[in-house]
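Have a look at the structure below before the remarks.
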Amino acid sequence: MIICKTNEEVELMRKSALLVSSTLTEVAKILKPGITSLSLDNMIGEYVKDHKAIPSFLNYNGYPFNSCISVNDVVVHGFPNKKELKEGDIISIDIGVILNGWHGDHAYTFAIGDPGKDVWQLILVTKQSLYKGIEKAIVGNRVGDISFAIQEHTEKYGYGVVRELVGHGLGKNLHEEPQVPNYGRRGTGPKLKDGMVLAIEPMINLGTKDVFTEKDGWTVRTKDGKPSVHFEHNVCVRKNKADILSDYTPIEAAEKENVNLYISF
Ligand code: MF3
Ligand code: CO
């Protein structure tokens, strides 16, 4: 069953999504070569708890950290660790919170130093594809319209669209119906209704779409070892235009300010 949220509930979910946005903004301010993802994860846990919320990934199906931090060929669900980040690394940071009983869950990929032209384009195109998907998250469309828009935009560049992991409904639970694949056919899948809240999250590979899960049971990597990018927004389905509950504006401002992060257009 797909649960539609009331306007009041959507406003509570906006608060949850925006807490994730501000947590990602704090991370964007301090990212630099030499820092470890484990130190970022600790900071993320403290920040979320300081804001009266719970890091929702911790202990979810046994997941052992506050956040997922996925570097280079790690697609998603990377374990924060003690390895120092270096120039040219790309890093996807995925954070979930429960605030007043409502989930926020979103992600952003940063480049620490210049990752090279091909990888930078992968970052830009993956972010663009997220917005192409969001444009389709309107009443009367179907989930497949979102999926198709993401797949069409990214495959145009020859990128691999990950099949094994998908976006999802979001609410009082981290994962609700419907599933929102990043590949699919127009006009297929569940009908979108006013008040549905979706986590749309393209996971796009520079090379092959094929991935594998490491022995730790979580870390998902590309089969060919090439980099992968992940962006995620929380959006509410509305009549003519989706309402994006999370916000990249402060994250992008911090990214621009931080000389250790690569930006080019
Ligand atoms: N954004 C991811 C998702 O929606 C994060 C889940 S990680 C987990 O599935 F640890 F919570 F499983
Ligand atoms: Co998600």
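The values are calculated or read from the model by the stated rules, or taken from the named source; none is laboratory data. Remember, it's a predicted structure, so these values are computed and weren't measured experimentally. Reconstructed Cβ throughout: ideal geometry from the backbone, glycine too, with neighbour counts over all protein chains shown. Only protein heavy atoms, including side chains, enter the accessible area calculation; ligands, DNA and RNA are left aside. Shrake-Rupley method; radii C 1.70, N 1.55, O 1.52, S 1.80 Å.
Does ILE69 qualify as being open to solvent by less than 40 Å² (accessible area, probe 1.4 Å) and part of a strand (DSSP E or B)? Outline the logic, then answer.
On the way: open to solvent by less than 40 Å² (accessible area, probe 1.4 Å): yes; part of a strand (DSSP E or B): yes.
Yes: the conditions hold for ILE69.
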Item checked: Tally, over the stretch 80-107, of residues that are open to solvent by 30 Å² or more (accessible area, probe 1.4 Å), away from ligand 1 (no atom under 16 Å from the Cβ) and in a strand (DSSP E or B) -> 1
Item checked: Subset tally (residues that are of a type in the set (A, V, I, L, M, F, W, C), farther than 17 Å from VAL229 by Cα and within 16 Å of ligand 2 (Cβ to nearest atom)) for the stretch 137-179 -> 5
Check: What are the pairs, 6+ residues apart or on separate chains, where a residue within the stretch 10-35 that is within 11 Å of GLY96 (Cα to Cα) and in contact (Cβ under 8 Å) with a residue 60 or more places away in the chain has its Cβ under 9 Å from a residue that is open to solvent by 60 Å² or more (accessible area, probe 1.4 Å) and assigned to a helix (DSSP H, G or I)?
Finding: SER21/THR249
Next item on the list: Tally the residues that are touching a helix residue (DSSP H, G or I) at 6+ places or on another chain (Cβ under 8 Å) and aliphatic (A, V, I, L, M), restricting the search to the stretch 119-133.
Entry: 2
Notebook entry, point to check: Of VAL76, VAL71, VAL97, VAL119, which residue is within 14 Å of ligand 2 (Cβ to nearest atom), at pLDDT 95 or above, β-branched (Val, Ile, Thr) and more than 24 Å from ALA242 (Cα to Cα)?
Noted result: VAL76
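Just need a number here: residues in the stretch 4-24 that are open to solvent by 10 Å² or more (accessible area, probe 1.4 Å) and in contact with a helix residue (DSSP H, G or I) (Cβ under 8 Å, 6 or more places away or on another chain). Please lay out each step first, then the result.
First, the residues of the stretch 4-24 that are open to solvent by 10 Å² or more (accessible area, probe 1.4 Å): 4-9, 11-12, 14-15, 18-19, 22.
Within this subset, residues satisfying the condition of being in contact with a helix residue (DSSP H, G or I) (Cβ under 8 Å, 6 or more places away or on another chain) are 5, 19, 22.
The number of residues fulfilling the criteria is 3.
Enumerate the strands (runs of 3 or more DSSP E) found wholly within the stretch 159-265, keeping only those where 2 or more residues are among the β-branched types (Val, Ile, Thr) and on the phi < 0 side of the Ramachandran plot. Write out each step before concluding.
On the way: elements: 167-169, 176-180, 197-200, 203-205, 211-213, 220-222, 228-230, 233-236.
Hits in the stretch 159-265: 197-200, 211-213, 220-222.
Suppose the filter is charged (D, E, K, R), crowded, with 22+ Cβ neighbours inside 10 Å and modelled with pLDDT of 95 or more; does GLU201 pass it?
On the way: charged (D, E, K, R): yes; crowded, with 22+ Cβ neighbours inside 10 Å: yes; modelled with pLDDT of 95 or more: yes.
The answer is yes for GLU201.
Only residues that are part of a helix (DSSP H, G or I) and either crowded, with 21+ Cβ neighbours inside 10 Å or touching a residue at least 60 places away in the same chain (Cβ under 8 Å) (or both): list them for the stretch 125-140, please. If you could, list the steps in order and put the result at the bottom.
Here is the first cut: in the stretch 125-140, the residues part of a helix (DSSP H, G or I) are 125-135.
Passing the criteria: VAL125, THR126, LYS127, SER129, LEU130, GLY133, ILE134, GLU135.
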